[in-house]
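Each remark here refers to the structure printed beneath this line.
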Amino acid sequence: VTGQDYGDFELSFDWKIAPNGNSGLKYRVRKYGDRTLGCEYQIYDDKSKREEISLRQSAGALYGLFEPNQNKQLKPAGEFNSARIVIQGDAVQHWLNDKLIVAVTIGSEEWKKRVADSKFNEYEGFARNHRGKIMLTDHGGEVWYRNFKLLTPAHSENGQSR
């Protein structure tokens, strides 16, 4: 878990998962009672024999809420994939191997519907915070990460982004 909170950012990294592996990278994480939760870029072996999962739990998904689109091109377990997460205000993008696979707006009507129909419905205001920590998840399987690059907006005195 990062020591500081982040709002808008662009995070790129490479990952590979062992066969039957399950992990993820959560962002804008905060406490909900005794739980630490946030949006999650799912990292998963889609060919896993462990269990049947929905597309909303597959690699690249915004875990439990939004499934990747038809642009998804996942490399198999044991090979590195490149990921990118772009957050600007309420706009969220998940990229996989240079393809945009998830684009959502937090707080939209579709967002509200999907949260209400998910396991996150019991957490008031789930993921509506504009800042939070970044956290790697551990479900006991092997996962490798490399080449993390985090860009955050910096503002000059005149308010221009640089």
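The values are calculated or read from the model by the stated rules, or taken from the named source; none is laboratory data. Only a predicted model underlies this, so the values are computations on that prediction, with no experimental measurement involved. Positions of Cβ are generated from backbone atoms using ideal geometry, with glycine treated the same way; all protein chains shown enter the neighbour counts. Just so you know, the surface numbers come from the protein's heavy atoms only, side chains and all, with ligands and any DNA or RNA stripped out. Shrake-Rupley method; radii C 1.70, N 1.55, O 1.52, S 1.80 Å.
What the table below lists for this structure:
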{"item": "Those residues of segment 123-144 which are under 22 Å from PHE66 (Cβ atoms), surrounded by 11 or more Cβ atoms within 10 Å (Cβ to Cβ) and not β-branched (Val, Ile, Thr), in sequence order", "result": "TYR123, PHE126, ALA127, ARG128, ASN129, HIS130, ARG131, GLY132, LYS133, MET135, LEU136, HIS139"}
{"item": "Strands (runs of 3 or more DSSP E) (entirely within segment 75-162) containing at least 1 residues that are closer than 25 Å to ASP14 by Cα and free of Cβ contacts under 8 Å to residues at least 60 places away in the same chain", "result": "91-96, 99-105"}
{"item": "Cross-chain or 6+ apart pairs with Cβ under 9 Å, segment 43-66 first and under 19 Å from VAL143 (Cβ atoms), then open to solvent by 80 Å² or more (accessible area, probe 1.4 Å) and assigned to a loop (DSSP other than H, G, I, E, B)", "result": "ASP45/PRO19; LYS47/PRO19; SER48/PRO19; LYS49/PRO19"}
{"item": "In segment 145-162, the residues that are modelled with pLDDT under 95 and open to solvent by 90 Å² or more (accessible area, probe 1.4 Å)", "result": "HIS155, GLU157, ASN158, GLN160, ARG162"}
{"item": "Any hit, segment 36-58, residues being out of contact with any strand residue (DSSP E or B) (no Cβ under 8 Å at 6 or more places or on another chain), under 23 Å from GLY132 (Cβ atoms) and either open to solvent by 60 Å² or more (accessible area, probe 1.4 Å) or part of a strand (DSSP E or B) (or both)", "result": "no"}
{"item": "Residues that are more than 26 Å from ALA116 (Cα to Cα) and open to solvent by 50 Å² or more (accessible area, probe 1.4 Å), drawn from segment 81-104", "result": "ARG84, ASP98, LYS99"}
{"item": "Test: GLU10 is surrounded by fewer than 21 Cβ atoms within 10 Å (Cβ to Cβ), assigned to a loop (DSSP other than H, G, I, E, B) and among the acidic types (Asp, Glu)", "result": "no"}
{"item": "Residues of segment 14-29 satisfying the condition of being surrounded by 19 or more Cβ atoms within 10 Å (Cβ to Cβ) and either polar (S, T, N, Q) or not in a loop (DSSP other than H, G, I, E, B) (or both)", "result": "TRP15, LYS16, ILE17, ASN22, SER23, GLY24, LEU25, LYS26, TYR27, ARG28, VAL29"}
